[in-house]
1. On a 0 to 90° scale, report how tilted helix 144-155 is relative to the longest principal axis of the chain, with both axes built from alpha carbons and the result rounded to the nearest 10.
2. In deg cm²/dmol and to the nearest 500, what is the mean residue ellipticity at 222 nm of the chain if only DSSP H runs of at least 4 residues count, each as -39500 (n - 2.57), divided by the residue total?
3. I need to check one value: relative contact order of the chain, counting alpha carbon pairs closer than 8 Å and at least 6 residues apart, in percent.
4. Could you give the dipole magnitude of the chain about its Cα centre, charging the beta-carbon of Lys and Arg +1 and that of Asp and Glu -1, in debye to the nearest 20?
5. Any chance you could tell me what percent of the C-alpha pair distances in the range 1-47 go past 15 Å?
6. For the chain, what size does the Cα cloud have along each of its three principal axes, sorted from largest down, in whole Å?
7. Determine the shape class of the range 53-92: with a ≥ b ≥ c the square roots of the Cα gyration tensor eigenvalues, call it rounded for a/c under 1.5, and otherwise prolate if a/b is greater than b/c, oblate otherwise.
8. Which value, in debye to the nearest 20, describes the size of the charge dipole of the range 198-278 about its Cα centre when Lys and Arg Cβ atoms bear +1, Asp and Glu Cβ atoms bear -1, and nothing else is charged?
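Just so you know, all these numbers are worked out from the coordinates, no wet-lab data involved. Computed from a predicted structure; not experimentally measured. Positions of Cβ are backbone-derived with ideal geometry, glycine not excepted, and every protein chain shown enters the neighbour counts.
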Amino acid sequence: MDRIPFGIDRLDSRIGGGVPTGSVVLLAGEAGAGAREFVYTSAVFNGLEVADPELFSLHYGDLHGDAIPPDGINYVSFTADANDLRGEIDYVMDRELVDGGLDPVEFTTFSSEYFQLSPVPQGWYAEKNRTIKDIGRTGDSRGVLEAFADYLDERAMGSLVLVDALTDLLEAGREAVQFSDIVLLLKGLRHVSREWDGVVVFLLQKDAVTDRQLGSLMTAVDGTIQFEWETGGNERVRTMFVNEFRGVLSRLEAEDIIRFETEIHDAGFDVSGVRKIR
């Protein structure tokens, strides 16, 4: 089974090289627990594998198991542009890694579609240096979900698509985007992604949904990874665990791994240890 690497060395090595192609993945995290940094690291290291194999090998090593590099690396945001995202990633990770790793990454924003039905002034989110023709396009009544679906049809084939973040869609407003529409989008994407042979990853802040809503989202995707804080004594520890996940959970169960301890450093998100059933 071909797999696209997450770009997290100590995780990929445990799961046969990465996530099976054709998968839709949900990263659900508590605030600050590492889910966003996971996405940043995935973008940077998949980009480094293409742009700077020597630097990639130095920090990651060789690809594991059945891993194959994605044909493209796409970073999607509904509210932020490429410069904003690059700045955020640069703040988390070492500059050398970011400069090399993000060069092959294609950033796309749907801020025009996202904000067009809101009271937010157009000048706050519209790109600078637009032509008159471009300004006219911002009046397109096409919804953000439709625009996003069209984008995936064009770009997701064989690619790694990182979506930052599903939380934005949930907070778009009940009239603009219904929660049931988001669940249907994920279910439809899960069905068609088998034909695309890529991987689509959605970032979600757990605090934005109820337990019932999280359950609905989890049943609509192929697998979920959750990121949480644990408190023991005077320390807070970031942890990660995998829920039902086609082609991934079975490998972890074979090693009796129930949870990962994680950390964030200059090379991004990393696994610092594993907890096993005793």
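1. 60
2. Mean residue ellipticity at 222 nm (helix-derived): -11000 deg cm²/dmol.
3. Relative contact order of the chain: 28 percent.
4. Taking the Cα centre of the chain as origin, the dipole is about 800 debye.
5. Summing the P(r) tail past 15 Å for the range 1-47 gives 49 percent.
6. 61, 44, 44
7. Oblate shape, in that a/c is at least 1.5 and b/c is the bigger or equal ratio.
8. 200
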